[in-house]
Amino acid sequence: MTSKFFIFLAGTVIFAPLTLTLRTLPPAETSKITRESIEEVDDLTRFRLYPHLDRTYRALEGKDYNEASLAISRAEKIAPGYVVLAWLKADIAAEINKDTVIHAPRAAYIRIAEPQTVEHMGFARAPDSVPMQHPTLSMRGYTALANGDDPKAAALLAAAFFEETALSDMQRRQIARDLGYLHFKLGEQKMAARWWQMALDRQYDAETALLAATALIAAKEERAAKYQLDAIDVSRLSRQARIRYHEIAARLSPDAKMKHLAEIAEIEPTADRYYNLGFLQTGAGDLAAARLSFARARFLDPANAEILGALAYTELSLGNLESTILLFEELAREKPGDATLHAQLGYLYKQTGDQRFARYHFEQAIDYAATAATKEEFLATADPLRREIAALERGYSVSSYLFFRDNGFVQSNLTAAAQAIGGSQGSFQAAVRPGHYIRALDHIPAEIYGRLIWAFEDDSYRLRRDSLQAGLGVRLKPIQSLNLVLAAERLVSLGTNARDDWLLRASYSYGAGGGLPADKKRWFYYNLYLDGALIDPDDPDLFGAFEGQAGWAFRLGDKWTAVPHLLASGLIQKDDVATLSLLEAGPGVSLRYYFGGGDYGASAAAAEFRLQYRGKLAGSSDSKSGLALTAAISY
């Protein structure tokens, strides 16, 4: 009902008061009534007055003047001093005195002027009574509109626009505007746009241009809509119209969408608007702007956990660890029992080197994950966290391997390289993390390690005593999210063919599927290892190696896995004597056994037996194709 009356009342802006003015004022005073002096009231007041004015008209039709006077009195309580009410009271008085009969259409009583007194409008006395008139096409059109007959109203008003010669340009413009509303309501968007354009042709105003653009978009005439929109002076639009303008512009110009949405948020700030804008800015890679939008959204809706989470992850993406931790701590308090949030806090504290809080949050995440719907979901969450706890709860590690191969190449002396060097050899290593035992150093991701390396006699399992090589060094993981390790080591000779030199080393590994996931029976495994070393910086010997493996891992009970795989490996070594190289590839199979662990920690240790065929593809090394056996243990 409101929309019908809105169009109807807007349509009577000119016609009804003009008729009333001409029939109630002497000719000398009609010039005092201007367009500005009869501006419309707001929609709410108009809507509240309509029932009382409608009741007045019906009472006059039935010659019930007492009811008409009562209805006018009620209307005056809503809008005291309105000119139209004074006119109506004068008409009622004229009817009572039998001076004339009122036959004006109902539209004449719906138009409400601004609250002004009769004296202010230039009246010296009550208006005279009015002679009878025949309704015009425009009056009949607005009456049909008030009665809910929209198609008839559209036909009559269109006829009035073209055929009523007495209409002024301003009246014709108003009819064109109202016809635009009517056709838009009837779903005839192209026709609505044409009528609004006709109104613009008579007098341009920004809001009518915006209506025309809206109709063109609804009619899928986006190019014409954009042309119409580009000509609008936004500063002349009302607040709500500016919002509609930017909504339409955002749709028509995807490249400027964020700009227009930001304008909307500035005009009428809401948490939802800034939240949606933040996500668009995140998608565009503008994280700094997204952080600001999420912060504004949080200011407007501080209790919204979703907004807080978006701000927290944005801070994380920007690398602001301290503020990220504070936000995630607050989010964990807002959403108690969320395993994901505690897991994230565990990783964050691990990055800062705070192992105590990292472990606490990992354990909290495992406890909360126990409420998962299925066992598989629980294990998928808990298993990687148990491995993190296992790495945190020990401040030391021990490992050893034995590598045997048929027709292996034996060097005159050993570098500190891995078994990919090509010859049969073995190693024992122990490492300790000072930060685990000294709280002041817990933020430093460093280890102190010592190791022993030896070679085996060719085609035998006897240890070559002259090859014994010891080393003591420090290694550092500078980037926690990247498995890159830098090391500096002092080599100490224990055998006659060993070395006393400094070693600088960088190694990198990347892979997945190397553990024992509790929720899977089969999974894909791959691993890449890169190694580079320099011995004796004053007269350097250089060494480089790589090894890659990929295959499927199969669970064999609770503790065992079998991993058939393919491998490729290569090495190059340059010293004062020669430059050696070797490139190999072939199939292999690994058998792994996991043991140790506790309520929260994953298996703390593993033993592995690996059988491979290494086929020589290229290289100057004397190593030949053949079988290779590796036995390794780590704790």
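The values are calculated or read from the model by the stated rules, or taken from the named source; none is laboratory data. As the structure is a computational prediction, the values presented were derived from the model and not from experiment. Every residue, glycine as well, gets a Cβ built from its backbone with ideal geometry; the counts of neighbours run over all protein chains shown. We work out accessible area using only protein heavy atoms, side chains counted, and drop any ligands, DNA or RNA first. Shrake-Rupley method; radii C 1.70, N 1.55, O 1.52, S 1.80 Å.
Observations
- Exposure check, 1.4 Å probe, all protein chains in place: ILE264 carries approximately 10 Å² of accessible surface.
- Portion, in percent, of the accessible area of the stretch 188-292 that falls on carbon or sulfur, probe 1.4 Å: 49
- Long pairs among LYS350/LYS559; LYS477/LYS624; LYS185/LYS257; LYS477/LYS574; LYS220/LYS257; LYS226/LYS259, criterion Cα-Cα beyond 24 Å: LYS350/LYS559; LYS477/LYS624; LYS185/LYS257; LYS477/LYS574
- Solvent-accessible ranking of LYS335, LYS77, largest area first, probe 1.4 Å: LYS77, LYS335
- Ligands, DNA and RNA excluded, the heavy atoms of VAL492 present near 60 Å² of accessible surface to a 1.4 Å solvent probe.
- Mean accessible surface per residue for the stretch 327-389, computed with a 1.4 Å probe while every protein chain stays in place, in Å²: 48
- Ignoring lysines fewer than eight residues from LYS63 along the same chain, the ones with Cα atoms less than 24 angstrom from its Cα are LYS77, LYS89, LYS98.
- Most to least accessible of LYS559, LYS152 (protein chains only, probe 1.4 Å): LYS152, LYS559
- Legend: residues TYR461, TYR510, TYR396, sorted from most to least accessible area (1.4 Å probe; ligands, DNA and RNA excluded), read TYR461, TYR510, TYR396.
- Cα gyration tensor category, rounded, prolate or oblate, for the stretch 199-323 with a/c compared to 1.5: prolate
- When the stretch 484-525 is described by a simple charge dipole with +1 on each Lys and Arg Cβ and -1 on each Asp and Glu Cβ, the residue from TRP523, GLY513, ALA488 located farthest towards its positive end is TRP523.
- Overall form of the stretch 549-592 per C-alpha gyration tensor (a/c, 1.5; a/b vs b/c): prolate
- Solvent accessible area, Å² - ARG464, 1.4 Å probe, full protein context: 40
- When the square roots of the Cα gyration tensor eigenvalues are ordered a ≥ b ≥ c, the ratio a/c for the stretch 490-590 is 1.5 or more and a/b exceeds b/c, which makes its shape prolate.
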